[in-house]
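**Student:** Let me begin by handing over the structure; questions about it come next.
The values are calculated or read from the model by the stated rules, or taken from the named source; none is laboratory data. Being a predicted model, the structure only gives us computed values, none of them experimental. Methodologically, a virtual Cβ is constructed for each residue, glycine included, from the backbone with ideal geometry; neighbour enumeration extends over all protein chains shown. SASA here: full protein model, heavy atoms, side chains in, ligands and nucleic acids out. Shrake-Rupley method; radii C 1.70, N 1.55, O 1.52, S 1.80 Å.
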Amino acid sequence: MQIIISIKPRIMSKIINGSKKIEIRSRRMNVIPGTLVWLYSSSPEKKLIGYTFIEKIEFFSKKEVWNKYKSKIGISKVELDEYSHNSCQLSVIHFQNIYCLNEYISLVEIRSIIKNFNPPQFFKILQDNILIKHVIEKHNNQMQLTTFLS
């Protein structure tokens, strides 16, 4: 299984530099460990930055997330409160290693690969391996993806 998630550029930079180890989503994500996650940096960047794999997903209240993971979520308590104000339970996504693409893939290029693609507000399941194949062809050193196709 593979999904794509949209992340604000400010937050994406924290994921890339390693200061944000865990992604929080305000709704329940029913995906399994090992899922390939494409990391899309939303407006104004509008580009695919890289990918990772889900190590595990947990579900906690906002208070539990803050108490347990405040040093790993890369946002302040005020930001967490604002983001999750209507959510009883948050998805806590633990990523494995982050793999940055050698060349980022613009929204225009993504749309040339995946017809009628619109970046998701939450996350989107990708049904086939066309994006993986494109990245392997364009970035022939992305060995982690070739094993995903097997």
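**Student:** Checking the conditions here, which among GLU55, GLU64 is out of contact with any His (no Cβ under 7 Å at 6 or more places or on another chain) and more than 26 Å from ILE114 (Cα to Cα)?
**Tutor:** From the options GLU55, GLU64, the qualifying one is GLU64.
**Student:** Of all residues being open to solvent by less than 90 Å² (accessible area, probe 1.4 Å) and not small (Gly, Ala, Ser) in the range 79-88, which is farthest from ILE11 (Cα to Cα)? Just the residue, please.
**Tutor:** Ranking the qualifying residues of the range 79-88, first place goes to ASP81.
**Student:** Looking at the range 20-33, which of its residues are free of Cβ contacts under 8 Å to residues at least 40 places away in the same chain and farther than 12 Å from ILE3 by Cβ?
**Tutor:** PRO33
**Student:** Being out of contact with any strand residue (DSSP E or B) (no Cβ under 6 Å at 6 or more places or on another chain) and assigned to a loop (DSSP other than H, G, I, E, B) is the filter; apply it to the range 35-74 and report the residue that is least open to solvent (accessible area, probe 1.4 Å).
**Tutor:** Filtering first and then ranking leaves GLY74.
**Student:** Restricting to the range 96-112, what's the tally of residues that are in contact with a His (Cβ under 8 Å, 6 or more places away or on another chain) and open to solvent by 50 Å² or more (accessible area, probe 1.4 Å)?
**Tutor:** 2
**Student:** Okay, next question. Starting from the range 114-132, keep only residues that are surrounded by 15 or more Cβ atoms within 10 Å (Cβ to Cβ), then list their pairs with residues that are in a loop (DSSP other than H, G, I, E, B) whose Cβ atoms are within a distance under 8 Å, requiring at least 6 positions of separation or different chains.
**Tutor:** Here the result reads PRO119/SER42; PRO119/LYS46; PHE123/MET29; PHE123/VAL31; LEU126/ILE114; LEU131/ILE114, each pair linking the range 114-132 to a residue that is in a loop (DSSP other than H, G, I, E, B).
Let's see how each residue does on (1) of a type in the set (A, V, I, L, M); (2) at pLDDT 80 or above; (3) within 24 Å of LYS8 (Cα to Cα):
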| residue | (1), (2), (3) |
| --- | --- |
| SER106 | no, yes, yes |
| SER112 | no, yes, yes |
| PRO119 | no, yes, yes |
| PHE123 | no, yes, yes |
| LEU131 | yes, yes, yes |
| GLU137 | no, no, no |
| ASN140 | no, no, no |
| MET143 | yes, no, no |
| PHE148 | no, no, no |
